[in-house]
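The values are calculated or read from the model by the stated rules, or taken from the named source; none is laboratory data. Quantities reported herein were computed from a predicted structural model and do not represent experimental measurements. Cβ placement follows ideal geometry from the backbone for every residue including glycine, while neighbour counts extend to all protein chains displayed. Surface accessibility is based on the protein's heavy atoms, side chains included, excluding ligands, DNA and RNA. Shrake-Rupley method; radii C 1.70, N 1.55, O 1.52, S 1.80 Å.
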Protein chains: 2
Amino acid sequence: MKPALFALMIGMLAIPASAQDQVSLADRELHERLLTLDTHLDTPTRFERPGWRFDRWHDYDFDGSQVDIPRMEVGGLDGGFFVIYTAQGPTTPEAYARVRDQALMRAMAIQRVVAENEDKLALATTAADAERLHRQGKRIVYQSIENSYPLGTDLSLLTTFHKLGVRMASPVHNGPNQFSDSARGDVKHRGLSPLGRRWVAEMNRLGMVIDGSHASDAAISQMIDLSRTPLILSHHGPDALQDSPRNIPDALMRKLARSGGVMQMNTLFLVPMESAPGREEIEDRQERWEVLTPAERARLVADKAALDARYPPRFANLDLFMRSTLYAIRVMGVDHVGMGADWDGGGGLADMKDIGGLAAITARLRQAGLSEADIAKIWSGNTLRLLRAAEAGAAKR
Amino acid sequence: MKPALFALMIGMLAIPASAQDQVSLADRELHERLLTLDTHLDTPTRFERPGWRFDRWHDYDFDGSQVDIPRMEVGGLDGGFFVIYTAQGPTTPEAYARVRDQALMRAMAIQRVVAENEDKLALATTAADAERLHRQGKRIVYQSIENSYPLGTDLSLLTTFHKLGVRMASPVHNGPNQFSDSARGDVKHRGLSPLGRRWVAEMNRLGMVIDGSHASDAAISQMIDLSRTPLILSHHGPDALQDSPRNIPDALMRKLARSGGVMQMNTLFLVPMESAPGREEIEDRQERWEVLTPAERARLVADKAALDARYPPRFANLDLFMRSTLYAIRVMGVDHVGMGADWDGGGGLADMKDIGGLAAITARLRQAGLSEADIAKIWSGNTLRLLRAAEAGAAKR
């Protein structure tokens, strides 16, 4: 039996009924055929957890996990950008050294996980790599940096991460840093700092794709103006559906599209955030799932169910996510929209809790009247175009 | 059939007859039983070569390679310190950034190779790790830095490498650098520089073993005085047998022993170095063995044979290596001698061209009248004692 067909059958068993209903066999076949990438997979935060293995099946309801190799197979996700994320901290030399090491260890963990699963995964650094690996049936592991804070004030470290294979980076996360203002927190630089402007030039020189997600609207706009190659917003959304600092207004969406850039549709910030007392404590326990005793696991699942009953988690559903996606296509055009749902970074839908159900998105896109060629652009074509543009920009110098 | 016994039988086929003659079945059984470590394996220089695989058998006469997993099994080598080596270059910020990246990529390559072979190899960071992994039948991969040049003037990078699992480092290679004078080249600091003294303190603080090999005699002596825990000379020899800047006089050997340190016996510098015109060109071609055509490989082997006939390579033989080892034991005592033969770094013996024949050393040590307990110290006990001392030194602070 062909692996794809096998995955198909397993997939039909595993997809939650709610999303399953919308996926015909033809839709799943199309979904399997496409090269599918998600541009913001936060899964590497799990790679350093004791006992956690990317090659094992995990259950969202147990440990909150949304992405692993078995579910990539079931969900027909061929790969994506695996994120080297660090939380923003102080901008001091000591903190810079500490966070540089955290980012390097995260990069190391990604390389280790790929090497441990070399039969199923491979690192990719060019657009052509993705197409080659897809033909070979391997899952595609691009690397990206979320928050350039670990570079400190030493832009030569961007070369280090480029050598490690990283091909996308964002300047900032929550709260302003040495490079840029953030969508959240104080305005410190009115967009980019002078160092942030040099960061843009260095990203261009190296041929890396600049990711505007988490930057302030002003910083995104300035990066579009400054960058010699188009921006990506690796996990983002439109203000029109839900006003949020992490979404952008139509005017900025249009500016992004005019410059050749792409917005990758986020599942988050489509409904107001929930903030249940006790949620963080539950999540802390989930992070230690692998080292919990059976009794501790049972108590965790019960506690989470009780909390969810009192404070229902506020996720968008697939309907709303598709409305957001189709809105973005209407405003920007199909060449400027992609997929970056913030899996393992807080994302997910009420009726699609992990990547196992991704084929439903393909089904909905087809139902909305999009051609296979257009759906292919959304699932990877637009992202690969940005990678190629960054590569060509670097080569031109 | 037990893996050890199988390795034994293969080993008896594979060991060159010259060394084979001296190895009884009892000697090989002893050798298999012992935990054997070599403290200076330069093999990681090969890990980044296109097509080179650590899990495949290689032939010294073809590509000059001396260590891989199959030959570790045949030679009964349980592990060692795999070296992150960088050649000395300019002490400028630009060169520092470049060489920092080289060292990080080398560390990454070591992690990748271990992950790719997780059934046979494991990273080790403590003395206890080696003993545990030996019981599990895994080969033990410690990491060390040869030449701290990649740290630039930023000692916080030592923490980075410590986090990556590195537990041993030398300050310098050939030619003085920012930390220390070298056994070769100009005297610049009369031993250690002020930064070199801070490097010693930082090594102690982190609990890493200081490696004096390649440092000048003055620098070795100063490091013995300064360091709170004993030094290793990871691949070194006595001046008494062959006067060389890379060997040390009896007085310094005694000072090392009195301080609790250990000299790991080198196969190099026991005879004058050969310098045949054309040798480097042959070695350059050997480094590209995996990507040569069959015709190119045949020509290389013929060219090397012709060069060897005109300029016989000057290797010590096992007799001379054992004389050096037994001399060091006489001068320093059996608690202060170990094995670090510079495999894949230019080392080797005329009658032991790769690690496949290591059991002959165990045989010779027994013939020289050493007890099993003493032979165990030489093969790993003394090295692990230094690791434990470094760990305890760090813990005490």
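Quick check, is B:D250 open to solvent by 20 Å² or more (accessible area, probe 1.4 Å), modelled with pLDDT of 95 or more, out of contact with any His (no Cβ under 8 Å at 6 or more places or on another chain) and within 19 Å of B:G347 (Cα to Cα)?
So B:D250 does not fit the description; no.
For the stretch A:100-109, indicate whether the set of residues that are of a type outside the set (S, T, N, Q), open to solvent by 50 Å² or more (accessible area, probe 1.4 Å), more than 19 Å from the chain's Cα centre (by Cα) and within 14 Å of another protein chain (Cβ to nearest Cβ) is non-empty.
no
Take the residues of the stretch A:57-69 that are touching a residue at least 24 places away in the same chain (Cβ under 8 Å) and aromatic (F, W, Y): which is most open to solvent (accessible area, probe 1.4 Å)?
Only one residue fits best here, namely A:F62.
For A:A368, work out the one condition from (1) buried (at least 16 other Cβ atoms within 10 Å of the Cβ); (2) touching a helix residue (DSSP H, G or I) at 6+ places or on another chain (Cβ under 7 Å) it doesn't fulfil.
(1)
Of the residues that make up the stretch A:216-230, is at least one open to solvent by less than 30 Å² (accessible area, probe 1.4 Å) and assigned to a strand (DSSP E or B)?
Among the residues of the stretch A:216-230, not one is open to solvent by less than 30 Å² (accessible area, probe 1.4 Å) and assigned to a strand (DSSP E or B), which makes the answer no.
Search the stretch A:70-99 for residues that are away from chain B (no Cβ under 14 Å) and among the aliphatic types (A, V, I, L, M) and pair each with any residue that is open to solvent by 20 Å² or more (accessible area, probe 1.4 Å) and not in a strand (DSSP E or B) when their beta-carbon atoms are under 6 Å apart and the residues are at least 6 apart or on different chains.
Every condition considered, the pairs that remain are A:V74/A:I10; A:V74/A:A14.
Go through (1) open to solvent by 10 Å² or more (accessible area, probe 1.4 Å); (2) within 14 Å of chain B (Cβ to nearest Cβ); (3) over 26 Å from A:W343 (Cβ atoms) for A:R258 and report which single condition fails.
Among (1) open to solvent by 10 Å² or more (accessible area, probe 1.4 Å); (2) within 14 Å of chain B (Cβ to nearest Cβ); (3) over 26 Å from A:W343 (Cβ atoms), A:R258 violates only (2).
Being without any contact (Cβ under 8 Å) to a residue 40 or more places away in the chain and open to solvent by 40 Å² or more (accessible area, probe 1.4 Å) is the filter here; which residues of the stretch A:198-215 pass it?
Matches in the stretch A:198-215: A:A201 only.
For residues in the stretch A:302-332 being touching an Asp or Glu at 6+ places or on another chain (Cβ under 6 Å) and hydrophobic (A, V, I, L, M, F, W, C), which is least open to solvent (accessible area, probe 1.4 Å)?
So the residue we want is A:L318.
Give me the residue from the stretch A:270-287 that is in a loop (DSSP other than H, G, I, E, B) and open to solvent by less than 20 Å² (accessible area, probe 1.4 Å) and, out of that set, farthest from A:L318 (Cα to Cα).
A:A276
Please go through the stretch A:128-164 and give me each residue that is in contact with a Phe, Trp or Tyr (Cβ under 7 Å, 6 or more places away or on another chain), crowded, with 21+ Cβ neighbours inside 10 Å, within 15 Å of A:V200 (Cα to Cα) and not polar (S, T, N, Q), ordered by number.
A:I145, A:E146
Within the stretch A:121-130, can one find any residue that is within 12 Å of chain B (Cβ to nearest Cβ), closer than 14 Å to B:Q111 by Cβ and outside any helix (DSSP H, G or I)?
yes
Quick check: anything in the stretch A:111-118 within 13 Å of another protein chain (Cβ to nearest Cβ), of a type in the set (D, E, K, R) and farther than 30 Å from B:D154 by Cβ?
Taking every residue of the stretch A:111-118 in turn, at least one turns out to be within 13 Å of another protein chain (Cβ to nearest Cβ), of a type in the set (D, E, K, R) and farther than 30 Å from B:D154 by Cβ.
One line per residue, one yes/no per condition, for (1) in contact with a strand residue (DSSP E or B) (Cβ under 7 Å, 6 or more places away or on another chain); (2) polar (S, T, N, Q); (3) assigned to a helix (DSSP H, G or I):
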position: B:R56; (1), (2), (3): no, no, no
position: B:V67; (1), (2), (3): yes, no, no
position: B:R71; (1), (2), (3): no, no, yes
position: B:F81; (1), (2), (3): yes, no, no
position: B:A87; (1), (2), (3): no, no, no
position: B:T91; (1), (2), (3): no, yes, no
position: B:R98; (1), (2), (3): no, no, yes
position: B:V141; (1), (2), (3): yes, no, no
position: B:L157; (1), (2), (3): no, no, yes
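Residue by residue through the stretch A:377-397, note down the ones that are out of contact with any strand residue (DSSP E or B) (no Cβ under 9 Å at 6 or more places or on another chain) and open to solvent by less than 30 Å² (accessible area, probe 1.4 Å).
A:G393, A:A394
Look through the stretch A:165-191, keep the residues that are in contact (Cβ under 8 Å) with a residue 60 or more places away in the chain and open to solvent by less than 10 Å² (accessible area, probe 1.4 Å), and return whichever of them is farthest from the other protein chains (Cβ to nearest Cβ).
A:S182
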